[in-house]
Amino acid sequence: MPIYAGIDIGTLTLRLLIARIGDEGRLHELASERRIVRLGEGLQPGRRLQPAPMARALETIAEWMPVIKRAGARDEFLGEVKRRSGLAVEVVSGEEEARLSLLGIQAGLPAGVDRFVALDIGGGSTEFITVSPGQAPAMVSVDEGVVRLTEECLRSDPVRPDELAAARARIARHLDVVEAKLGPLAGYRLVGTAGTITTLAAMDQRLAVYVPLRIHNYRLSMEAVRRILAELIARTHAQRRELVGLEPGREDLILAGTLILAESMERFGFAECLVSDYGLREGVLIDRWQKSKG
């Protein structure tokens with residue numbers, strides 16, 4: 001089985017996956033790592049990446065390169081990343097990101113989950129993708145993510161009631177767009193991916209160490225999301241660090257992501273979220289494998 005390496009460079013988190021892919025398209029993980037680098041820090045309003053977060057991202061990629069090379073990942077995935085790391089980086093559109101994320105999510109779903117809404121809460125945007133048998137997936141991407149919402153609405157520590165109200169109103173306007181484009185979502189199951197939702201699954205289980213097998217396909221209830229949201233609102237950033245399962249470095253941003261999830265579940269009537277530890281990085285590998293197979 002050929003070995004592939006993929007790095008998901010997000011607005012908040014970098015995620016590395018090295019895996020073999022069998023003839024049936026199934027991933028066999030060899031190594032994985034995630035690092036919060038806050039690449040989108042200070043992106044608004046000029047929408048230009050800042051020197052310090054760029055340096056953090058490049059340092060992380062450079063640190064991972066020997067691991068990728070030792071694993072013997074295929075050459076087509078190892079180009080050159082300008083100056084520092086030797087790895088070619090491809091910037092994908094929101095639509096392409098959604099397609100790749102969906103490839104990854106579907107590779108890890110349990111049997112029988114074939115009609116669902118995939119929710120990907122990122123640092124700078126959030127994607128909703130509806131999947132139903134016999135129909136082409138439909139996708140809506142909104143310009144709202146945990147970094148953007150935190151920097152523009154949730155700036156106080158602890159957060160103020162007026163900031164919470166402004167954030168909720170802003171999320172509601174985005175959900176109006178989602179509802180108008182995707183229509184009613186009754187009968188769909190919610191599947192959530194990316195750092196906010198996997199972190200909430202870890203917090204709900206009080207996992208002191210992130211265990212992918214405990215996260216993947218975990219059923220996160222609306223009640224649990226509400227409970228964690230209330231805890232986050234009541235605490236300062238420093239106090240949030242005491243919460244078991246909360247990834248260090250995410251304490252100021254987790255509130256924004258939890259608000260987006262909670263408001264989405266409330267709006268569309270989802271009682272639970274099926275958590276997927278698979279997403280964009282898995283989809284990138286599967287896409288490369290499919291292309292290599294023609």
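The values are calculated or read from the model by the stated rules, or taken from the named source; none is laboratory data. The structure presented is a predicted model; accordingly, all values stated were derived computationally and were not measured. Counting neighbours? That spans all protein chains shown, and the Cβs are built from the backbone with ideal geometry, glycine included. Ligands, DNA and RNA are stripped out before the accessible areas are found, and what is left, the full protein with its side chains, is counted by its heavy atoms. Shrake-Rupley method; radii C 1.70, N 1.55, O 1.52, S 1.80 Å.
Miscellaneous remarks
- Point-charge dipole on Cβ atoms (K/R +1, D/E -1) for the chain, about Cα centre, debye to 20: 440
- Under-5 Å amide H pairs with G122, H placed in peptide plane, nonlocal only: E127, V146
- Converting phi to 3J(HN,Hα) with the Karplus coefficients 6.51, -1.76 and 1.60 and the offset θ = phi - 60°, region 139-156 yields 10, 10, 10, 10, 7, 8, x, 5, 5, 4, 5, 5, 5, 9, 10, 9, 8, 7 Hz in sequence order, with x at every glycine or proline.
- Taking all protein chains as shown and a probe of 1.4 angstrom, F128 keeps an accessible surface of around 10 Å².
- DSSP-assigned coil residues among GluC sites (Glu not before Pro) in region 200-250, each with at most 13 further Cβ atoms within 10 Å: E242
- Remark: region 203-246 carries a charge dipole of roughly 20 debye about the Cα centre, counting +1 on each Lys and Arg Cβ and -1 on each Asp and Glu Cβ.
- Take the Cβ atoms of D143 and D23, set R0 to 30 Å, and the FRET efficiency comes out at 0.15.
- Cβ-derived FRET efficiency at R0 25 Å, A234 paired with R267, nearest 0.05: 0.60
- Ordered by solvent-accessible area of protein heavy atoms (1.4 Å probe), largest first, the residues S276, S292 come out as S292, S276.
- Computed lengthening from L49 to R173, 0.36 nm per intervening residue step minus Cα-Cα distance: 42.0 nm
- Taking 0.36 nm per residue of separation and subtracting the Cα-Cα distance, full extension of the segment from K291 to E152 would add 46.0 nm.
- Charge dipole magnitude, Cβ of K and R +1, D and E -1 - region 138-287, Cα centre, debye nearest 20: 240
- Eligible aspartates and glutamates near K291 by straight Cα distance, threshold 19 Å, same-chain separation 8 or greater: D8, D23, E24, D75, E76, E90, E95, E96, E97, E282
- Residue separation of S32 and V211 scaled by 0.36 nm, minus their Cα-Cα distance, works out to 63.3 nm of gained length.
- Residue (of A165, L182, G192) at the positive-pole extreme of region 132-242, dipole from beta-carbon charges: G192
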